[in-house]
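I have placed the structure first, in the form of structure tokens, so that the comments after it can refer back to it.
Readers should treat all values here as calculations from the given coordinates under stated rules, not as data from a laboratory. All values derive from a computational prediction rather than experimental measurement. Neighbour counts are summed over all protein chains in view; Cβ atoms, including those assigned to glycine, are modelled from backbone coordinates with ideal geometry.
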Amino acid sequence: MPAGDAVYARMDKAFMDPVERAPWTPDNSVLSEQERSEGFIALFDGKTLNGWFSRTPGIQSFEAKDGCITWMRGGAGAIMTRDRYDNYILRFDWKIKKDGNSGVWCRAPRDSRASKIGFEFQMLGDSYIKEPNNTSTGSVYEVVTPKCIANKPEGEWNTTELILDGPHYKATLNGKVVQDLDFSRHEVMRDRLKKGFICLTDHNCWVSYRNLRLKKL
């Protein structure tokens, strides 16, 4: 097929999940009054996976359970937001087992290696390590080492805020800034996608999320 925006658009439409075509209204009743007034929307209603779809059709790795989105089985690769986003504030809580492996893909493509085309906020059960590295929790996976080790002991809830505003990326973990950089000045990052899905990764490992909310910038 010839390359071109029109061809890409037709291919994208052909590969759409039915969730992407269905109406979706965020249930913002789960947000605080302040967050609603600031323009946040709820990406998770605490009860269902409305607004999300599996990266691999027919396989559902995550389930809505006890007010959380929790990994139950492998095979899906990720669970993806209904919509693509470019600039936003994303807030969420997460916990993981010791030596567990997960992460959040930002500006991710529909398919292919999301952590290389978009990027990944890495999450591991590695609170015990002595020095951070470019694959430890809080890293831009395999690219930028976090400023510090900020994750709590495994099994405890971690609170994360990711801000993407054009090329500016700032990540805060449990009140500590772990990333604050300009992608346009970073050779590896400057040509990554500028808009894409938000994905919770399935790395065949138990992880749980709650309180996912987003504000478009």
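Out of all the residues in segment 146-155, is one or more within 17 Å of Ile89 (Cβ to Cβ) and surrounded by fewer than 13 Cβ atoms within 10 Å (Cβ to Cβ)?
No, every residue in segment 146-155 fails to be within 17 Å of Ile89 (Cβ to Cβ) and surrounded by fewer than 13 Cβ atoms within 10 Å (Cβ to Cβ).
I'd like the full set of residues that are among the polar types (S, T, N, Q) and in a strand (DSSP E or B), limited to segment 197-217.
Once the filter is applied, which keeps residues that are among the polar types (S, T, N, Q) and in a strand (DSSP E or B), segment 197-217 yields Thr201, Ser208, Asn211.
If a residue has to be without any contact (Cβ under 8 Å) to a residue 24 or more places away in the chain and closer than 21 Å to Glu161 by Cβ to count, how many in segment 107-128 make the cut?
Within segment 107-128, residues that are without any contact (Cβ under 8 Å) to a residue 24 or more places away in the chain and closer than 21 Å to Glu161 by Cβ number 1.
So for segment 132-145 (the condition being within 16 Å of the chain's Cα centre (by Cα) and not in a loop (DSSP other than H, G, I, E, B)), does at least one residue qualify?
Yes: segment 132-145 contains one or more residues that are within 16 Å of the chain's Cα centre (by Cα) and not in a loop (DSSP other than H, G, I, E, B).
Could you please give the count of residues in segment 49-82 that are among the β-branched types (Val, Ile, Thr), under 17 Å from Trp105 (Cα atoms) and touching a Gly at 6+ places or on another chain (Cβ under 7 Å)?
Total satisfying the criteria: 2.
Here are the criteria: (1) closer than 21 Å to Lys195 by Cβ; (2) in contact with a Lys or Arg (Cβ under 8 Å, 6 or more places away or on another chain). Tell me which single one Glu154 does not satisfy.
(1)
Can you pull out every residue in segment 156-176 that is buried (at least 20 other Cβ atoms within 10 Å of the Cβ) and of a type in the set (A, V, I, L, M)?
Scanning segment 156-176 gives Leu162, Leu164, Ala171, Leu173.
Checking the conditions here, which among Lys116, Lys194, Lys170 is within 16 Å of the chain's Cα centre (by Cα), closer than 28 Å to Gly51 by Cβ, assigned to a strand (DSSP E or B) and basic (Lys, Arg)?
None of the other options fit; the residue is Lys170.
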